[in-house]
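Remarks on the structure that follows.
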Amino acid sequence: MAAYEAYLRTALAKYEYADITKRDILNALRSYTDLRPMKDTFIFNDGKRQELLCLTGTIPVSFKGSTYNIPICLWLMTTHPYNPPMVYVRPTATMQIKPGKHVDTNGKIYLPYLHEWKHPQSDLYGLIQILSIVFGEEPPVFAKSSAGPPRPAYPPQSRPNLPYPNSGGAMPMPTLPASSGNTGYPANPSYPGYPGYPAQATQPSSAYPGYSSAGYAQPTATQAPSYGGYPSQPANSTTVASGNSLSDEQIKASLLTAVEDKMRRRLKEIFAQAQAELDVLKKTEEDLQKGKQTLDSMLQKLETEQNEVERNITLLQEKDEELRSSLEKVEGKEDIPIDDIVLPAAPLYRQLLTAFAEEQATADAIYYLGEALRRGVIDLDVFLKQVRGLSRKQFLLRALVHKCRQKAGLPDLTG
């Protein structure tokens with residue numbers, strides 16, 4: 001299993017949901033050990049090629065008390081598990097496909113489980129379990145008879161387009177069973193058939209993929225000695241004809257299958273085109289919704305800024321009215337007393353202003369006395385006598401300024 005994990009990590013590199021797909025595959029391989037993953041090339045009916053992963057091998061099927069190995073191949077789309085796998089029966093050289101309610105002449109398997117596939121309710125393990133049950137009621141293959149004439153080749157115009165590429169070798173054509181002596185194959189159960197399976201819109205718009213048999217070891221009876229042989233087709237079956245011509249039932253079944261495949265391909269193309277247009281419309285809708293949200297945000301921001309600008313305009317208009325009113329009052333007066341404007345009205349503040357002015361004037365006087373001493377205008381004795389008196393006065397003025405500021409509740413001056 002560890003080797004499978006390493007292989008799947010590389011093989012699923014181009015898958016959109018690689019981790020989910022790997023878990024789904026490993027879960028199926030734990031229970032069905034005869035299956036193994038293999039990467040191969042799909043060849044669609046339109047000639048398109050695509051590298052996809054498949055689970056190829058055999059699954060055990062119980063039929064009439066015996067266990068048989070039925071060879072199948074499950075092809076996983078790159079969008080797995082959100083799209084159902086495509087399942088085919090891969091008969092060996094000793095087997096022949098038995099068309100029925102769930103298997104067509106090309107080996108394509110149809111099941112309601114595949115038609116109603118939905119992740120995470122559907123997975124590969126559940127699909128293989130249902131295949132085992134369905135094949136137990138109606139085996140999809142029967143053993144070829146060793147005796148009997150070889151089956152003639154299809155005419156050039158009526159040969160069906162089998163989903164197997166030419167590169168891997170042509171699919172072996174079975175021989176007709178002997179006219180008598182074979183054990184009859186049980187008739188199909190009488191349960192009602194399922195309705196037709198319309199193509200799903202999420203699947204790729206291509207036809208059924210072809211298989212490449214390169215590297216595929218066809219299981220034989222010797223690979224599982226504990227299992228019994230495959231049941232034989234009844235001699236009086238109406239699906240084959242004796243001689244060198246095809247029976248009417250075979251021609252009818254082939255034509256019905258061809259028409260069904262063509263209609264299915266056409267429906268897939270229509271659904272795929274509609275889905276692509278729908279995806280484009282959804283993407284456009286998402287872009288428009290994002291643009292609408294951006295525009296709404298811009299409009300809201302513009303409205304907020306507009307309201308703020310309007311408030312500022314109103315405030316400026318009020319200030320402008322105040323200034324105009326003040327100018328009108330000033331223009332009406334001819335003589336304005338400067339002292340009344342500069343001097344404060346309260347006595348405390350008037351005393352504070354006077355003391356501060358005198359203290360600053362004393363500081364200037366001390367400065368100029370120093371300049372006069374430096375220039376030799378006055379001698380040292382005169383300088384010391386004047387500075388001593390001015391310093392005493394400056395100290396008293398500073399103390400008065402400090403006290404006035406405390407009374408007025410003003411902060412102290414620093415420096």
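Considering THR56, THR10, THR21, the condition of being open to solvent by 50 Å² or more (accessible area, probe 1.4 Å) and among the β-branched types (Val, Ile, Thr) is satisfied by THR10 alone.
For the criterion of being open to solvent by 80 Å² or more (accessible area, probe 1.4 Å), part of a helix (DSSP H, G or I) and of a type in the set (S, T, N, Q), GLN394 fails.
Taking THR105 as meeting all but one of (1) touching a strand residue (DSSP E or B) at 6+ places or on another chain (Cβ under 7 Å); (2) touching a residue at least 40 places away in the same chain (Cβ under 8 Å); (3) closer than 26 Å to ALA3 by Cα, write down the number of the exception. With respect to (1) touching a strand residue (DSSP E or B) at 6+ places or on another chain (Cβ under 7 Å); (2) touching a residue at least 40 places away in the same chain (Cβ under 8 Å); (3) closer than 26 Å to ALA3 by Cα, THR105 is out only on (3). Screening PRO71 on (1) in contact with a strand residue (DSSP E or B) (Cβ under 7 Å, 6 or more places away or on another chain); (2) outside any strand (DSSP E or B); (3) over 18 Å from ALA258 (Cα atoms) shows it passes everything except condition (2). Considering THR304, THR294, THR284, THR257, the condition of being part of a helix (DSSP H, G or I), over 36 Å from the mean Cα position of the chain (by Cα), among the hydroxyl-bearing types (Ser, Thr, Tyr) and at pLDDT 90 or above is satisfied by THR304 alone. Within the range 341-367, residues that are closer than 14 Å to VAL387 by Cα reach no partner that is at pLDDT below 90 with beta carbons closer than 6 Å at six or more positions or on different chains. Residues that are modelled with pLDDT of 90 or more, in a helix (DSSP H, G or I), closer than 22 Å to ARG350 by Cα and in contact with a helix residue (DSSP H, G or I) (Cβ under 7 Å, 6 or more places away or on another chain) do not occur anywhere in the range 369-391. Look at the range 35-53 and say how many of its residues are buried (at least 17 other Cβ atoms within 10 Å of the Cβ) and either assigned to a loop (DSSP other than H, G, I, E, B) or over 30 Å from the mean Cα position of the chain (by Cα) (or both). Final tally of qualifying residues: 2.
When you check LEU114 against the structure, is it touching a strand residue (DSSP E or B) at 6+ places or on another chain (Cβ under 9 Å), assigned by the TED database to the domain that holds ALA13, open to solvent by less than 10 Å² (accessible area, probe 1.4 Å) and outside any loop (DSSP other than H, G, I, E, B), yes or no? Criteria not met by LEU114. Assess whether SER145 counts as being touching a strand residue (DSSP E or B) at 6+ places or on another chain (Cβ under 8 Å) and within 14 Å of PHE63 (Cα to Cα). For SER145, the condition - touching a strand residue (DSSP E or B) at 6+ places or on another chain (Cβ under 8 Å) and within 14 Å of PHE63 (Cα to Cα) - is not met. Yes or no: GLN394 within 30 Å of ASP412 (Cα to Cα), among the polar types (S, T, N, Q) and in contact (Cβ under 8 Å) with a residue 12 or more places away in the chain? Answer is yes for this residue.
Restricting the search to the range 117-131, which residues are assigned to a helix (DSSP H, G or I) and closer than 12 Å to LEU76 by Cβ?
Filtering the range 117-131 down to residues assigned to a helix (DSSP H, G or I) leaves 124-131.
Listed by number, the residues that qualify are LEU124, LEU127.
The values are calculated or read from the model by the stated rules, or taken from the named source; none is laboratory data. These numbers come from a predicted model, not from an experiment. Because the Cβ atoms are built from the backbone with ideal geometry, glycine has one as well, and the counts that use them run over all protein chains shown. Please note that ligands, DNA and RNA were not included when accessible areas were found on the heavy atoms of the full protein model with its side chains. Shrake-Rupley method; radii C 1.70, N 1.55, O 1.52, S 1.80 Å.
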